[in-house]
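Asks: Structure incoming, see below.
The values are calculated or read from the model by the stated rules, or taken from the named source; none is laboratory data. Note that the coordinates shown come from a computational prediction; the quantities given were computed from them, not determined experimentally. Here the Cβ positions follow ideal geometry from the backbone for every residue, glycine too, while neighbour counts run over all protein chains shown. The area values use the complete protein model at the heavy-atom level, side chains included, leaving out ligands, DNA and RNA. Shrake-Rupley method; radii C 1.70, N 1.55, O 1.52, S 1.80 Å.
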Amino acid sequence: MQMKTYSLHWVALLLCFPLFLSGQQLARKGSLGALLAPVTKDIQTQTNAPTTAGSYLQRVIPNSTAASIGLQAGDIVLTINQEAVTNTQKAVQIAGTFIAKQEVKVEVWRQGKRHSFSGTVMGKPFEKSPVAEVIYDAVPFQDGMLRSIIHKPKADGQFPLVVFMQGFDCGSIDAYYDNAGPVRKLVDGLLDNGFAVYRVEKPGVGDSSGSLDCSDIDYDQELAAFDTALGTLGKYKFIDQENIFYFGHSLGGITAPILAAKHRPKGVMVYGTVLKSWHEYMHEVHREQAIKRGDDFIRLDANTRAVAPLLAEFFLMKKSPAELEQNPGYLSLMQNGIMSFQDDRLFGRHYTFWQDLNDQNQTAAWKEAGVHTLAMYGEYDLQAISGEAAKNIAALVNAYHPGKGSYKILAKTEHAFAKVPSMEEYVRLRNSGQFNRQYMTQNFNKDIVEIISEWMLSLLQQS
């Protein structure tokens, strides 16, 4: 079969405006647009505030809701929409419910008096790109909708598509605040090579609506959300439906083969993932990862031995945190950082998420998917711990589907696609706080774009 032409006919590199399809059905979330901090005793004294309740407004972001209604740096936010702001966390929580164009009223303490300001909420800006049309859309899911974002090359015709499947956390994929971060660099690099890129929020994240919240759902519900989103791709006429690829990053590398077994994409790429039960992986986190972090050998060995029975009861017997706390020995482990639960959540996700995840048979999923597979590992990927999983994924695929599995290692690269001098230096940068978004942006390893683009284009040429 002759390969379709994917070369791009570029127009002037102007920032494009977002396009809207059924995304109009999903309201844009808003924000307060201010840098907030706790009201300390010193701030209370300086402002002559009656108490330390409220949230101190350190800075107002230009062209934001706060700026438009007249808030100023130095104000103490007392109420938002007549709801008391007891602390900064409460202010953030209330602002997280803002919808663009809704009415808002904020009461603040300023110059020894209470003042009220009102106006309308300004929506968050949208992602913009000099090389793509950015399409904000929505996916109906259960009793709500999931926000989706597509970057489409600025050209006519059909394009192969890369579906980006993010990791475990509940952070938003909407990078309106950062047009140069690692994921956006990956997206823009793929666009330069003629690919469209699709991302979708998890339930309750970003603009998504409905009763489900990412931090409360289990893994089966998250899987169902991605599954539903993949089922809607057929409506986009600019997508070459025969040439869709999945890119699973981190835990997304577990989700990708499970969904590939159902939807049969052209190929699957994974980076920084695992090929074992989450129970087994957590044992490695406490020993092998701890060694790479430079932890004391005696202490990490003691921690690994101590946490082993807790992991067994949590993952294999499916005990809840409340049940585990009945064991005094476990309680100390759950309070000292080794397995720190926050209410019913572990690492920001409901405990049932991890138990469901542990039940997934990744090996069977890879065998059943049977698609062309590129498994990648960054040489200094602390989270993935070693390249063993990526090598074994490629070997597994080749064992059942000869010639379809490939393995690549990215030299001097960590989990978020940034280049680092060594594992020791990476750990030092993390511990010192120097490994931040700016560092990741400045040190993005563009080899990831070239490797996956070349691999996909080679498959397209075989069609």
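Asks: When ligands, DNA and RNA are left out and all protein chains stay put, how many square angstrom of accessible area per residue does the chain have with a 1.4 Å probe?
Replies: That works out to 45 Å² per residue.
Asks: Tell me which aspartates and glutamates have Cα within less than 14 Å of K412's Cα, excluding those fewer than 8 residues away on the same chain?
Replies: E379, D381, E424, E425, D447
Asks: Sticking with this one: Kindly flag which residue pairs out of K202/K276; K154/K235; K29/K235; K124/K262 have an alpha-carbon separation exceeding 28 Å in this structure.
Replies: With Cα atoms farther than 28 Å apart: K124/K262.
Asks: Taking only C-alpha pairs under 8 Å that are 6+ residues apart, what is the relative contact order of segment 51-195 in percent?
Replies: This gives 17 percent for segment 51-195.
Asks: L382's amide H: which non-local residues (gap 5+, or another chain) put their own amide H closer than 5 Å, with H modeled 1.01 Å from N in plane and none for Pro or chain starts?
Replies: Here the answer is H415, since their amide H atoms fall under 5 Å of that of L382.
Asks: Here is a follow-up. At most 11 other Cβ atoms within 10 Å and a DSSP loop assignment: could you name the trypsin sites (Lys or Arg not before Pro) in segment 41-90 that fit?
Replies: Of the trypsin sites (Lys or Arg not before Pro), not one in the loops of segment 41-90 has a Cβ with at most 11 other Cβ atoms within 10 Å.
Asks: So what is the relative contact order of the chain, in percent, for Cα pairs below 8 Å that sit 6 or more residues apart?
Replies: Here the relative contact order equals 13 percent.
Asks: Magnitude of the Cβ-charge dipole of segment 117-200, K/R +1 and D/E -1, about the Cα centre, nearest 20 debye?
Replies: That gives a dipole near 100 debye.
Asks: Take every Cα-Cα distance within segment 270-342, group them into 10 Å bins from 0 onward, and report for each bin the whole-number percent of pairs it holds.
Replies: 18, 50, 28, 4, 0
Asks: I'd like the distance between the alpha-carbon centres of segment 394-463 and segment 174-216, rounded to an integer number of Å.
Replies: Value for the Cα centre distance between the two parts: 19 Å.
Asks: Right, something else. For an R0 of 56 angstrom, estimate the FRET efficiency from the Cβ-Cβ distance between K113 and D178 and round to the nearest 0.05.
Replies: Taking R0 as 56 Å, the efficiency between K113 and D178 is 0.90.
Asks: Sticking with this one: If you average the C-alpha positions of segment 133-149 and of segment 355-373 separately, how far apart do those two centres end up, in angstrom?
Replies: Between the Cα centre of segment 133-149 and that of segment 355-373, the gap is 26 Å.
Asks: Using 7 Å Cα-to-Cβ label points, what is the E103/T120 separation (nm, one decimal)?
Replies: Calculated label separation equals 1.3 nm.
Asks: OK, next. Select from G204, A84, A224 the residue farthest towards the positive end of the dipole of the chain; place +1 on Cβ of Lys and Arg, -1 on Cβ of Asp and Glu, and compute about the Cα centre.
Replies: A84
Asks: Leaving out same-chain residues fewer than 8 places away, which lysines sit with a Cα under 21 Å from that of K113?
Replies: K41, K105
Asks: Sort 125-136, 169-180, 202-213 by packing, meaning the average of other beta carbons within 10 Å per residue, with the highest value first.
Replies: Averaged packing, sorted descending, gives the order 202-213, 125-136, 169-180.
Asks: Then there's this: At a threshold of 8 angstrom on Cα-Cα distance, excluding pairs fewer than six apart, so keeping six or more, what relative contact order does segment 199-319 reach in percent?
Replies: Normalised by residue count, the contact order of segment 199-319 is 15 percent.
Asks: How would you order 248-257, 271-280 from highest to lowest mean count of nearby Cβ atoms within 10 Å?
Replies: 248-257, 271-280
Asks: Considering the Cα positions of segment 389-440, please state its Rg to one decimal place and its Dmax as a whole number of Å.
Replies: Final numbers for Rg and Dmax: 15.6, 46 Å.
Asks: Taking the Cα of Q72, stepping 7 Å toward and past its beta carbon, and measuring to each backbone N in segment 103-133: which are under 14 Å?
Replies: Hits in segment 103-133 for Q72 at 14 Å: 108-117.
Asks: Also, I was wondering about something else. Roughly speaking, what is the centre-to-centre gap between segment 31-68 and segment 274-322 when only Cα atoms are used, to the nearest Å?
Replies: Cα centroid of segment 31-68 versus Cα centroid of segment 274-322: 42 Å apart.
Asks: Could you please state how large a percent of the accessible area of the chain is carbon and sulfur, counting protein chains only and using a 1.4 Å probe?
Replies: 51 percent
Asks: Same structure again: If the convex hull of the alpha-carbon atoms of segment 202-330 is projected onto planes in all directions, what is the mean projected area in square nanometres?
Replies: 10.9 nm²
Asks: Run the dipole for segment 347-463 about the Cα centre, Lys and Arg Cβ at +1, Asp and Glu Cβ at -1, nothing else charged, and hand back the magnitude in debye, nearest 20.
Replies: Dipole magnitude for segment 347-463 comes out near 160 debye.
Asks: Please compute the modelled spin-label separation between A155 and Q462, points set 7 Å along Cα→Cβ, answer in nm with one decimal.
Replies: The two pseudo-label positions are separated by 2.3 nm.
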